[in-house]
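The values are calculated or read from the model by the stated rules, or taken from the named source; none is laboratory data. Since we're looking at a predicted model, the values are computed, not measured. Glycine also receives a Cβ, built like all others from the backbone with ideal geometry; neighbour counts cover every protein chain displayed.
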């Protein structure tokens with residue numbers, strides 16, 4: 001005990017001693033000869049292009065999940081809107097209007113271009129799980145109360161309703177002037193789309209809580225809690241066949257090439273013959289029971305709760321490629337313009353190349369969403385529990401490349417890699433010098449129009465000529481772009497030469513200069529390395545929010561200690577063995593989706 005007290009006093013005294021010891025604005029030239037990017041695969045968006053309406057759950061009565069239109073190739077949020085109610089359904093889009101049912105707050109009609117409300121129906125449901133379906137001048141939606149509502153598409157007024165006496169949680173499908181849906185009273189219903197008159201109903205062996213009907217070639221396909229997948233004659237309601245799985249069927253079917261694809265709570269994805277009901281194949285996955293399938297280019301796309309998104313061969317279920325996401329995948333995907341969109345339980349929205357499975361973009365600023373839709377260059381996600389709709393849209397996408405300094409002259413290329421022309425493109429080059437970052441050079445100019453696939457070359461008229469550390473920032477924007485393109489560089493200038501030039505877009509925010517005692521800053525230090533006692537959270541943040549960072553890795557003396565994927569980026573540096581007065585180098589490396597890598601270092605002294 002005496003020895004421990006002596007050691008404790010020595011350490012405290014040592015810490016005390018360590019802490020107390022002193023330890024020109026100019027022009028810019030631009031090459032107006034626009035160059036076409038030879039590797040650009042983007043299409044130009046024709047403003048008069050006929051859009052592909054997404055009129056019901058999973059786009060159409062076959063539940064293909066595919067839309068023949070352009071789709072966003074970047075995570076640019078065109079607009080967002082709060083509906084002040086949970087959204088358990090997916091929207092429909094028709095003639096540039098979005099229709100979505102909410103819990104407790106009716107059906108909303110929203111302008112697809114700007115997110116402004118057009119109308120809100122007075123039809124309120126305690127729980128609206130059903131997605132809406134749009135047909136001609138009417139909208140159809142089911143609810144917890146056991147009513148299927150028909151609303152006037154232009155103003156949201158109720159035209160009629162059809163009562164079944166059991167919850168309607170499945171989404172209606174429209175086929176040949178008829179509305180089809182399932183209910184928790186064991187029945188499948190067919191009613192007239194014009195006046196809501198009953199045509200037929202078929203009774204299964206149990207509830208139909210979530211499986212929404214798919215219809216093709218006058219046949220209806222649906223799952224039930226009685227473990228069966230049913231094929232029903234869509235005209236008269238007579239059963240054609242049923243196939244029994246190993247558990248309840250809550251998923252909704254997709255019909256393609258005389259095959260029915262559907263998953264069951266027995267954790268299998270089934271492929272059935274659409275004509276006979278015979279099993280063609282099944283695929284076992286412990287987390288696939290809720291999954292919904294989409295079809296594109298003779299391939300089957302499906303997500304799993306095991307964080308994996310698959311592209312499968314529809315003939316035999318073999319894997320063409322798979323993508324590992326950050327969390328489980330629930331609900332359906334949407335496919336358009338050779339891209340596939342889906343969300344994860346953590347609220348991350350993904351866009352993949354549908355052919356290769358490579359990630360195109362990721363948006364991480366949201367809550368859990370299911371069943372995205374794509375319409376006329378827009379991808380729409382609805383937050384399930386918080387009631388916010390996000391619309392991602394095609395737009396100009398400016399990118400700065402080929403930065404260089406030659407003889408003191410700074411030059412770079414600015415390209416439009418988006419889908420729309422960039423109007424009134426402006427850019428600025430700023431050079432700061434030294435610790436105080438005193439501005440020593442500023443250049444700016446503009447060009448009226450930069451079309452998709454075009455590139456301009458900019459260069460400063462005035463040449464850089466100084467000595468010491470310099471910071472260079474290039475910022476390009478336009479009046480109709482959602483995100484600026486910003487590049488930052490730093491290096492050491494020797495006259496007109498700059499050496500050790502590197503990109504940077506990450507800053508270590510903790511530790512700052514000071515003494516830290518078990519993760520808390522207790523004293524400042526201005527001219528000497530920070531001193532750390534005990535464990536500490538090392539944090540970093542992006543300097544420019546417009547530059548999307550995929551991940552940030554942390555290293556201590558070259559040894560990897562952790563990674564984070566969201567801003568502010570953080571890792572815990574735990575104390576290990578007793579080390580007095582030991583120097584450490586903290587290195588933070590950020591990786592952007594554009595391929596840019598930034599590195600930041602800090603030297604600290606770890607006492608314990």
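Residue-by-condition table, conditions (1) within 26 Å of the chain's Cα centre (by Cα); (2) modelled with pLDDT under 85:
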{"position": "526", "(1), (2)": "no, yes"}
{"position": "532", "(1), (2)": "no, no"}
{"position": "547", "(1), (2)": "yes, yes"}
{"position": "554", "(1), (2)": "yes, no"}
For the stretch 205-244, enumerate the residues that are buried (at least 22 other Cβ atoms within 10 Å of the Cβ) and not in a strand (DSSP E or B). 208, 211, 212, 213, 224, 234
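Among the listed residues 474, 456, identify the single one that is within 31 Å of the chain's Cα centre (by Cα), under 18 Å from residue 542 (Cα atoms) and crowded, with 17+ Cβ neighbours inside 10 Å. Outline the logic, then answer.
On the way: 456 fails: under 18 Å from residue 542 (Cα atoms).
After ruling out the rest, the residue left standing is 474.
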Across the stretch 541-559, what is the total count of residues that are under 18 Å from residue 607 (Cα atoms) and assigned to a strand (DSSP E or B)? 1
Is at least one residue of the stretch 67-78 modelled with pLDDT under 90, within 23 Å of residue 173 (Cα to Cα) and not assigned by TED's automatic domain parsing to the domain that holds residue 443? no
Within the group 335, 380, which residue is surrounded by 23 or more Cβ atoms within 10 Å (Cβ to Cβ), at pLDDT 95 or above and within 30 Å of residue 105 (Cα to Cα)? 335
For the list (1) touching a strand residue (DSSP E or B) at 6+ places or on another chain (Cβ under 7 Å); (2) at pLDDT 95 or above, I need the number of the one condition that residue 194 fails. (1)
Any residue in the stretch 255-262 that is surrounded by 18 or more Cβ atoms within 10 Å (Cβ to Cβ), out of contact with any helix residue (DSSP H, G or I) (no Cβ under 8 Å at 6 or more places or on another chain) and outside any strand (DSSP E or B)? no
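With the requirement that a residue be within 39 Å of the chain's Cα centre (by Cα) and more than 20 Å from residue 596 (Cα to Cα), what does the stretch 499-516 give you?
Of the residues in the stretch 499-516, the ones within 39 Å of the chain's Cα centre (by Cα) are 499-514, 516.
If the condition is that a residue be within 39 Å of the chain's Cα centre (by Cα) and more than 20 Å from residue 596 (Cα to Cα), then 509, 510, 511, 512, 513, 514, 516 are the ones that fit.
How about the stretch 169-186: which of its residues are more than 15 Å from residue 60 (Cα to Cα) and surrounded by 19 or more Cβ atoms within 10 Å (Cβ to Cβ)?
Going through the stretch 169-186, the residues more than 15 Å from residue 60 (Cα to Cα) turn out to be 169, 182-186.
The answer is 169, 182, 183, 184.
Report whether or not residue 475 is within 27 Å of residue 395 (Cα to Cα) and at pLDDT below 85.
Details: within 27 Å of residue 395 (Cα to Cα): yes; at pLDDT below 85: no.
No, not satisfied.
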Quick one: which residue in 110, 118, 77 is out of contact with any helix residue (DSSP H, G or I) (no Cβ under 6 Å at 6 or more places or on another chain) and surrounded by 22 or more Cβ atoms within 10 Å (Cβ to Cβ)? 110
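Somewhere in the stretch 17-31, is a residue modelled with pLDDT of 85 or more, surrounded by 17 or more Cβ atoms within 10 Å (Cβ to Cβ) and touching a strand residue (DSSP E or B) at 6+ places or on another chain (Cβ under 6 Å)? Break it down into steps so the answer makes sense when it comes.
Restricting attention to the stretch 17-31, the residues satisfying the condition of being modelled with pLDDT of 85 or more are none.
Looking through the stretch 17-31, none of the residues is modelled with pLDDT of 85 or more, surrounded by 17 or more Cβ atoms within 10 Å (Cβ to Cβ) and touching a strand residue (DSSP E or B) at 6+ places or on another chain (Cβ under 6 Å).
Every residue, every condition in (1) within 25 Å of the chain's Cα centre (by Cα); (2) assigned to a strand (DSSP E or B), yes or no:
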position	(1), (2)
371	yes, no
381	yes, yes
392	yes, yes
404	no, yes
411	no, yes
414	no, yes
418	yes, no
424	no, yes
430	no, yes
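Here's the yes/no breakdown for (1) farther than 15 Å from residue 603 by Cβ; (2) surrounded by 15 or more Cβ atoms within 10 Å (Cβ to Cβ):
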position: 506; (1), (2): yes, yes
position: 512; (1), (2): no, no
position: 525; (1), (2): no, yes
position: 536; (1), (2): no, yes
position: 539; (1), (2): yes, yes
position: 561; (1), (2): yes, yes
position: 564; (1), (2): yes, yes
position: 568; (1), (2): yes, no
